[in-house]
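Let me begin by presenting the structure, written as C-alpha cells, before commenting on it.
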Amino acid sequence: MAAERTEEVERSFEVPDGAILPSLTGAAPGLVMGQASELALDAVYFDTADLALARRGVTLRRRTGGDDAGWHVRLPVSTDVRTDLRWPLGARSASVPKSVPKSVQAPVRAWVRNRPLVPIATVTTRRLRRPISDETGGLLGVLCDDEVSSVRLVGDRLEQRWREWQVGLAAGGPHDGPALLDLVATHLRDAGAEASPGASTLRRALADLAPDPPRGVVVHRDSTIEQVLVGRLLDLASHLHEHDRRLRADEADTVHGMRVAARRIRSALQTFTPLLERDRSDRLVGELRWLGQVLAGARDAEVLGRRLADQVAEQPAELVLGPVAARIRTDLRANERTARAAAVAALDDERYFALLDELDAFAEAPPFVADRDEPAASRLPDLVGRDAKRLRRAVAEVGADEEPHARAASLHEARKKAKRLRYGAEVAVPVLGKKARRLARGAKRVQRALGRHQDATVAREYLREQGVRAHLDGENGFTFGRLHALQDAEAQRAEDDFWREWDDLPVRRVRRRLARR
C-alpha cells in the first residue's frame, strides 16, 4: 500500500514546571488562538538494536489516537521540516506490536538492511491542542501543550516524564510560515520555554543512548583531502538512500537517479585511488559497478522507449508501415518491467546490503595510504589531472579507430572518461573554484555529445533487430530501416558536436591550470 506523504513544519520547546501556555490572540493583527481540544496519543517506536535509524535522525513509529493514527516514517529535511510517510494502522494488535509491516519497512531498508526492527520505546502523550487561525478563520497552525511519559525498551529500562510545547504549521499553510514560527517562538520563550533544536520526543526517551544528530561535512577552500572525500561520500550516500526509498515505492525516474548516485560514488573513489588502499577501494568500486549494471536494464529500456516513440510519432503517416509503434512499445515495456523487477529484487540482496555497509565504513574512516590531513588544494589538481589524462588517451584511441564498431566502442569509452573527469572536477569546485567549475562544465558538454552518440548507437542496433523480427513475422520492415537511418544521421551529428566541444575543453596542463597561485 502506498504511503500518504506530507511535509511537516514544526518546532519543539522545553517547558519548566509551572509554565503557563500564553495566548497568541492578538500577537499579530488578525491572529486568533482557538479553544483547546484534548487528545490521548500512544506510540511505539521501532529501530534496529544498534539504532541505525536514530543515528540518521529518522523515526519509525506506530501511533494510535488523534487524526493521524497509523504507522509513520519521519525523514529529516531541515531543522524545522520533516517528511512524514503514513500508512493505516491495519488490523488491531497488541499495544506493543512485535513486527513492522513490509510496506512500512521499505522506505528505511537502505539504513536497516537485513537487521530486524524491534520496539525501542513507548511514548504516551496527553495533548492539549489549540488551533491558530487568521481573522477569516483560516487555519494557520496548531499549538500543542504535551505531557509526555516514555519507557525506554533498549539498554537499561528507563521511565521518564516531561512537558513540552510544540508549534506546527497547517498543511498547505501560509507562505510566511517561518515568520509565524518565529512569532510564536518569541511568545513561548517569553513564557519561559526554551527551543530544543534538533531534539525530538524519541531522543528524549532514549536519553543517554540517543546517538548524536547526523552531521554533514562542509567543504571549503581550506579543507583537507579527507574532508573532501568524506563530504562527497556522505552526500552521495544520502542520494543513494533516497532513491532506494523511491524505487521501492515505484516512483517515476528513480532508477536513473539511483544509478547516477552509484556512478558518482564510484567515480569519486576512482579519482582518489592513488590515496587509498587499493584492495578496499577496488572492491567497493567493483560492487558499485555491479549495482549500476543491475539498474542499467530498466533505465536503458526506458530511455530507448521514449526516444523511439517520439521518432515514430514524428514520421509522416504514409511512411509508418505496419504496427511499428505498438511493436516497439510492447517489447520495451516488457523489457523495462522485467529489468525493474530485477533491480528491486537486488535491493533486498545480501550483496547490496554488504555494499552499503562497506560504503558506511569508507565514509566513516577512509583507508588512506597518504596524508589524510594534507590540504585538498595541494592534492586535487594532481588527482583531477589524472582523470584528464585518461580522457586524452581515450580520445586519441577514437582518432585511431576507423572500423565503425571499434570507433563506436572507443567513443563510448571516451564518454565514460569524460564523465569521470566531470565528476572529479565537480568534487574540486568548493576547493579550487571557478577553474574547476569551468573544467566540469566543459567535460559535461563533451559527455553529453558522446551520450547522444551512444543513444543513437544503441537505438540503431535495436532497430535492426526489430526490423529482422518484423520481416520474419511477415510485416513490412521499411519504417524500421528509415528509423535506423535517422540514428545514423544523429550519431554523425553527435560525433561532430563532440569534436567541437573537445576543441574547447581546457583539458591540457590541467594540474597547472587548477593549482592555486
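What to note about this one:
- Among (1) more than 28 Å from P22 (Cα to Cα); (2) part of a strand (DSSP E or B); (3) not polar (S, T, N, Q), the one test that R126 misses: (1)
- In the set (1) within 30 Å of D349 (Cα to Cα); (2) outside any strand (DSSP E or B), P119 fails one condition alone, (2).
- The listed residue being basic (K, R) and free of Cβ contacts under 8 Å to residues at least 60 places away in the same chain, out of R327, R393: R393
- Restricting region 58-78 to residues that are under 18 Å from the mean Cα position of the chain (by Cα) and closer than 20 Å to D146 by Cβ, the residue that is surrounded by the most Cβ atoms within 10 Å (Cβ to Cβ) is T59.
- Exactly one residue among R508, R513 is in a helix (DSSP H, G or I), modelled with pLDDT under 95 and within 30 Å of T224 (Cβ to Cβ), and that residue is R513.
- Residue ID - surrounded by the most Cβ atoms within 10 Å (Cβ to Cβ), chosen from residues in region 187-221 that are assigned to a loop (DSSP other than H, G, I, E, B) and among the charged types (D, E, K, R): R221
- Just one of the listed residues (P430, P375) is touching a His at 6+ places or on another chain (Cβ under 9 Å) and either hydroxyl-bearing (S, T, Y) or farther than 30 Å from D331 by Cβ (or both), namely P430.
- Count - residues of region 139-174 that are without any contact (Cβ under 8 Å) to a residue 24 or more places away in the chain and either under 23 Å from T83 (Cα atoms) or among the polar types (S, T, N, Q) (or both): 2
- Qualifying residue in region 489-503 (condition: surrounded by fewer than 18 Cβ atoms within 10 Å (Cβ to Cβ), among the hydrophobic types (A, V, I, L, M, F, W, C), outside the structural domain of G322 (by TED's automatic domain parsing) and within 33 Å of the chain's Cα centre (by Cα)): no
- Top-ranked residue of region 415-443 - restricted to ones that are small (G, A, S) and part of a helix (DSSP H, G or I), ranked as nearest to R390 (Cα to Cα): A418
- Residue check, L24 more than 16 Å from P214 (Cβ to Cβ) and either modelled with pLDDT of 95 or more or hydroxyl-bearing (S, T, Y) (or both): no
- Tabulated pairs, region 398-413, first closer than 14 Å to E495 by Cβ and in contact (Cβ under 8 Å) with a residue 24 or more places away in the chain, second charged (D, E, K, R) and assigned to a helix (DSSP H, G or I), C-beta under 8 angstrom, 6+ apart or interchain: L411/E495
- Residue in region 17-27 that is on the phi > 0 side of the Ramachandran plot and either assigned by TED's automatic domain parsing to the domain that holds A345 or buried (at least 17 other Cβ atoms within 10 Å of the Cβ) (or both) present: no
- Flag: L288 matches the condition of being closer than 30 Å to V510 by Cα and either within 21 Å of the chain's Cα centre (by Cα) or loosely packed, with under 14 Cβ neighbours inside 10 Å (or both).
- Here V184 meets each of (1) in a helix (DSSP H, G or I); (2) outside the structural domain of S103 (by TED's automatic domain parsing) with one exception, condition (2).
- Among the residues making up region 146-167, those that are among the charged types (D, E, K, R) and surrounded by fewer than 19 Cβ atoms within 10 Å (Cβ to Cβ) are E147, D156, R157, E159, R161, R163.
- Test: residue in region 343-355 that is at pLDDT below 95, of a type in the set (V, I, T) and within 24 Å of N114 (Cα to Cα): yes
- Scanning region 392-413 for residues that are touching a Lys or Arg at 6+ places or on another chain (Cβ under 8 Å) and assigned to a loop (DSSP other than H, G, I, E, B) gives a single hit, D401.
- Residue selected from region 330-358 under the condition in contact (Cβ under 8 Å) with a residue 12 or more places away in the chain and not in a helix (DSSP H, G or I), by the criterion nearest to the chain's Cα centre (by Cα): L347
- A121 surrounded by fewer than 16 Cβ atoms within 10 Å (Cβ to Cβ) and either at pLDDT below 95 or in the same structural domain as W162 (by TED's automatic domain parsing) (or both): no
The values are calculated or read from the model by the stated rules, or taken from the named source; none is laboratory data. Here the structure is a predicted model, which is why all the values come from computation and not from measurement. Positions of Cβ are generated from backbone atoms using ideal geometry, with glycine treated the same way; all protein chains shown enter the neighbour counts.
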